[in-house]
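Reviewing the structure listed below.
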Amino acid sequence: MNSVIRLGGFRLKFRAMANDGFSESEEAPQLIVEFAGPDAPLLTQRHGELLRSLEHLAAQSLRLDAREQYLLSFDALSFKAIEAREMRLTAETAAAGVIESGMPYSFSPTNSRERRMMHLLFKQIAGVETASQGEGLERYLVVYPEGKTHLPAPVPAMPQRGGFGGTRSDRSGRPDQPRRDGGFRRR
């Protein structure tokens, strides 16, 4: 990790700690790495992409299987704790909506780690069940009322992929103009 920090030109220090074993979950990380320093905010930008990338590199260097990567957790500025609170609130809100409406709810596509975390959160909430649907980058989590996984689940809007900074253009090369409602209009 020192080499990555030095070669990346980051002004960071880190502290690695073994899990104390007092976690409520069997699936808690066994090794926790906490970053601090002037460049720590860089690690949490763009939803923690750089933090997750460093975590992924470390997991690869430790030769952890994809199913074992949860054993390792990198954090900076309590980013993961804040993210976990937000996920719990999201899960509780979605579960309440599903229980009240009696209809399934589909989340937007997420990576396998986030889906796994959400599945674990929903296991702690009575009255709902979850399932993953879709394939690859379009895989998403569905929350069902308990015992009603046979109900058709709404398909979430899939994210736009590709495209030169997120702009679309017609064949003339002129960029489309964004509308206030998030869509596009032709020039």
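The values are calculated or read from the model by the stated rules, or taken from the named source; none is laboratory data. Owing to the predicted nature of the structure, the values given are computational and were not obtained by experimental measurement. As a convention, Cβ positions derive from the backbone with ideal geometry for all residues, glycine included, and neighbour counts pool all protein chains shown.
All told, PHE35 meets the bar of being surrounded by 11 or more Cβ atoms within 10 Å (Cβ to Cβ), touching a strand residue (DSSP E or B) at 6+ places or on another chain (Cβ under 6 Å), outside the structural domain of ARG113 (by TED's automatic domain parsing) and of a type in the set (A, V, I, L, M, F, W, C).
Scanning region 115-149 for residues that are in contact with a helix residue (DSSP H, G or I) (Cβ under 8 Å, 6 or more places away or on another chain) and part of a helix (DSSP H, G or I), which turns out farthest from HIS47 (Cα to Cα)? Restricting to residues being in contact with a helix residue (DSSP H, G or I) (Cβ under 8 Å, 6 or more places away or on another chain) and part of a helix (DSSP H, G or I), the top hit is PHE122. Looking across region 12-26 at every residue that is surrounded by 12 or more Cβ atoms within 10 Å (Cβ to Cβ) and part of a loop (DSSP other than H, G, I, E, B), the one that is modelled with the lowest pLDDT is identified as ASN19. Yes or no: ALA59 closer than 27 Å to ARG15 by Cα, aliphatic (A, V, I, L, M), touching a helix residue (DSSP H, G or I) at 6+ places or on another chain (Cβ under 8 Å) and outside any strand (DSSP E or B)? Spelling it out, ALA59 is indeed closer than 27 Å to ARG15 by Cα, aliphatic (A, V, I, L, M), touching a helix residue (DSSP H, G or I) at 6+ places or on another chain (Cβ under 8 Å) and outside any strand (DSSP E or B). Here SER73 passes the criteria (1) in contact (Cβ under 8 Å) with a residue 40 or more places away in the chain; (2) outside any helix (DSSP H, G or I); (3) closer than 21 Å to TYR144 by Cβ except the one numbered (3).
Is there a residue in region 114-132 that is under 13 Å from the mean Cα position of the chain (by Cα), of a type in the set (Val, Ile, Thr) and surrounded by 13 or more Cβ atoms within 10 Å (Cβ to Cβ)? Among the residues of region 114-132, not one is under 13 Å from the mean Cα position of the chain (by Cα), of a type in the set (Val, Ile, Thr) and surrounded by 13 or more Cβ atoms within 10 Å (Cβ to Cβ), which makes the answer no. Scanning region 44-96 for residues that are touching a Phe, Trp or Tyr at 6+ places or on another chain (Cβ under 6 Å) and under 22 Å from ARG6 (Cα atoms) turns up THR44, GLY48, LEU51, LEU54, GLU55, ALA76.
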